[in-house]
Amino acid sequence: MTTRFDSFREFYPFYLSEHRNRTSRRLHFIGSCGVLALVAVAILQSNAWWLLAALVCGYGFAWVGHFFFEKNRPATFRHPLYSFVGDWAMFKDILSGKIPF
């Protein structure tokens, strides 16, 4: 059963509860770094195919974290928009030291 969230503020604690495993958070962080690098390459080379690589990189690392370390189903399947925002909020929180890397 899918829980309904009325705001991202309400969703984010749930999102973090789905990312308790440190290795999973690290994989998400590495995938997000890869996304940023691949988007830069796409812009620098004016080649949109790199955006597909960015998508595969970001979700690939995250899903490995969920399936092999968290042992849960990624929130992307149930809450795609909030999950996307959550990835970047967690990335920022890891960079700032609010969440341990």
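The values are calculated or read from the model by the stated rules, or taken from the named source; none is laboratory data. These numbers were taken from a predicted model, which means no experiment stands behind them. Methodologically, a virtual Cβ is constructed for each residue, glycine included, from the backbone with ideal geometry; neighbour enumeration extends over all protein chains shown.
Inside the stretch 1-21, can you point out the residues that are surrounded by 13 or more Cβ atoms within 10 Å (Cβ to Cβ) and assigned to a helix (DSSP H, G or I)?
As a first pass, look at the stretch 1-21 and keep what is surrounded by 13 or more Cβ atoms within 10 Å (Cβ to Cβ): 5, 8, 11-12, 14-16, 18-19, 21.
Result: PHE8, PHE11, TYR12, PHE14, TYR15, LEU16.
Criterion first (more than 11 Å from the chain's Cα centre (by Cα) and at pLDDT 95 or above) does PHE29 satisfy it?
no
If the Cβ limit is 6 Å and pairs must be 6+ apart or interchain, which residue in the stretch 85-101 that is touching a residue at least 12 places away in the same chain (Cβ under 8 Å) and farther than 13 Å from TYR12 by Cβ pairs with which residue that is part of a loop (DSSP other than H, G, I, E, B) and of a type in the set (A, V, I, L, M, F, W, C)?
ILE94/PHE101
List pairs: first in the stretch 7-31 and over 13 Å from ASN72 (Cα atoms), second part of a helix (DSSP H, G or I) and aliphatic (A, V, I, L, M), Cβ under 6 Å, 6+ apart or cross-chain?
Note: pairs meeting the criteria are PHE8/VAL85; LEU27/VAL64; HIS28/ALA62; PHE29/ILE94; GLY31/ALA62.
Kindly provide the set of residues from the stretch 71-81 that are part of a helix (DSSP H, G or I) and either among the polar types (S, T, N, Q) or over 24 Å from SER7 (Cα atoms) (or both), ordered by number.
We begin by selecting, within the stretch 71-81, every residue part of a helix (DSSP H, G or I); these are 75-77, 80-81.
Of everything in the stretch 71-81, just one residue is part of a helix (DSSP H, G or I) and either among the polar types (S, T, N, Q) or over 24 Å from SER7 (Cα atoms) (or both), namely THR76.
Residue-wise test of (1) exposed (fewer than 13 other Cβ atoms within 10 Å of the Cβ); (2) not in a loop (DSSP other than H, G, I, E, B).
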| position | (1), (2) |
| --- | --- |
| ASN47 | yes, no |
| LEU51 | no, yes |
| GLY60 | no, yes |
| HIS66 | no, yes |
| SER83 | no, yes |
| LYS92 | yes, yes |
| GLY97 | yes, no |
| PHE101 | yes, no |
